[in-house]
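Have a look at the structure below, then the notes.
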Amino acid sequence: GQERIHSSGVREINRLDNEGMAFHVKVREGYLKLAKTYPQRIALIDASQSMEAVFEEVKETIDDLIENWG
C-alpha cells in the first residue's frame, strides 16, 4: 500500500503516509483486535481483491446489516 501511495501521485501524501511500517502494523493489529472484540460492529473487508469484488463484499455486508437491524 505504501509503495502505491507514494508512486501514484493521485493524492497528496499526509503525515500518516510517512509513518514507518511498524506504525502501520500496530494500527492494523489494533483494528483487528477491535473487530474480534466487536464483530457485530466492525466488518473486515479483504481489500486485496479487485475493486469490483471489494464493492460487492461491502454491499453484501451493508445489506446484511440493514436486513438484521434491530
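The values are calculated or read from the model by the stated rules, or taken from the named source; none is laboratory data. Note that this is a predicted model, so its numbers are computed, not measured. Note: ideal-geometry Cβ built from the backbone for every residue, glycine included; neighbour counts use all protein chains shown. Note: areas computed on protein heavy atoms with side chains; ligands, DNA, RNA excluded. Shrake-Rupley method; radii C 1.70, N 1.55, O 1.52, S 1.80 Å.
The residue that is least open to solvent (accessible area, probe 1.4 Å), counting only those in the stretch 48-68 that are touching an Asp or Glu at 6+ places or on another chain (Cβ under 9 Å) and closer than 19 Å to R28 by Cα, is V54. Please name all residue pairs, on different chains or six or more residues apart, with Cβ atoms under 8 Å, provided the first residue is in the stretch 33-54 and is under 14 Å from L65 (Cβ atoms) and the second residue is in a loop (DSSP other than H, G, I, E, B) and modelled with pLDDT of 95 or more. Pairs found: none. Selection of the stretch 25-64 for residues being among the charged types (D, E, K, R) and not in a helix (DSSP H, G or I) yields R41, D46. Could you list all residues from the stretch 14-38 that are open to solvent by 90 Å² or more (accessible area, probe 1.4 Å) and not aromatic (F, W, Y)? If the condition is that a residue be open to solvent by 90 Å² or more (accessible area, probe 1.4 Å) and not aromatic (F, W, Y), then R15, N18, M21, K26, R28, E29, K33, K36 are the ones that fit. Residues of the stretch 1-60 being of a type in the set (F, W, Y) and modelled with pLDDT under 95, which ones? Result: F23, single match.
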